[in-house]
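What follows is a single structure, written as structure tokens, with notes after it.
Each reported figure results from applying straightforward, stated rules to the coordinates on display, with no laboratory input. The structure presented is a predicted model; accordingly, all values stated were derived computationally and were not measured. Virtual Cβ from ideal backbone geometry, glycine too; neighbours counted across all protein chains shown.
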Amino acid sequence: MELSTLSDEDLDFYLKLEFLEGEERLKKAIDQAYRTYKKRVMKFLCDRWSNYNSEERADIVQKTFIELYRNAQIGKIKEDVHLLKALCVIAHSRANDLYRDKKRQTRNEEKYYHAVGNALKDTLVGKQWESAKSIEQRITIEKDFSNFINSLSKTDKIIANAWGTYFPDEPDYEYIGDLIHEQTGIPPTLPAMKSSVQRIRAKYKEIFFKKLTNK
């Protein structure tokens, strides 16, 4: 069957039937749903959650289709609900989850800054960090780093923004590689990504040290 010739309604009906035909056909149907609805789900997020950046929205889209797959596995997809509407409902829920996470992160900022100082308490930098006059003073470090990120090439900017999710741990190179491929059309090599992370890490340390030692 040539799926590109089907109307939205017929494709929706076909895909939901395929969800019921075993794991292999379910996965193929989810892949087709992803190709068909990904951009429309992204547009929904851009319209409703414009405060999120492209990486955050891309992450929500990925989580949305994973949840669709899991729901289809257990027969949780309602026959009378269009897939696009179901996807937008899931995406909205995941966007709300991110909003709540950001709120919790804001409330825990002071604990985070104290933890940084405590972890570095036996060093000069750690002592100066802990004795900073205000949380706003410490935030300037992050602002300086954000300015640095904005000066990077498109690929390095993608890496730096995505790595922020994992910092200070090692980044998820597979995820970052997918982001770069999606946004630039060019699949990156692992050595190139690791080299970029090393440069970014070195710059972060430089900014961190200069701000806290006034050098």
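Taking R0 as 25 Å, what FRET efficiency do you get between PHE148 and ASP172 from their Cβ-Cβ distance, rounded to the nearest 0.05?
Taking R0 as 25 Å, the efficiency between PHE148 and ASP172 is 0.70.
How many nm separate the modelled label positions at PHE13 and ASP101, each set 7 Å beyond the Cα in the direction of the Cβ?
3.9 nm
Could you order peptides 189-201, 34-46, 71-83 by the average number of other Cβ atoms within 10 Å of their residues, highest first?
34-46, 189-201, 71-83
Pairs of alpha-carbon atoms within less than 8 angstrom and 6+ residues apart define the contacts here; what relative contact order does segment 1-71 have, in percent?
In percent, rounded to a whole number, it is 26.
What pairs from LYS16/LYS38; LYS39/LYS63; LYS38/LYS203; LYS28/LYS154; LYS43/LYS154 go past 25 Å between their alpha carbons?
Numbers: LYS16/LYS38 17 Å; LYS39/LYS63 14 Å; LYS38/LYS203 35 Å; LYS28/LYS154 33 Å; LYS43/LYS154 22 Å.
Listed pairs above 25 Å: LYS38/LYS203; LYS28/LYS154.
So how many Å³ per residue does the convex hull of the Cα atoms of segment 26-74 work out to?
Looking at segment 26-74, the number lands at 63 Å³ per residue.
Hey, with R₀ at 30 Å, roughly what FRET efficiency would LYS205 and SER50 work out to, going by the Cβ-Cβ distance, to 0.05?
Details: r = 33 Å, r/R0 = 1.11.
So, using R0 = 30 Å, E works out to roughly 0.35.
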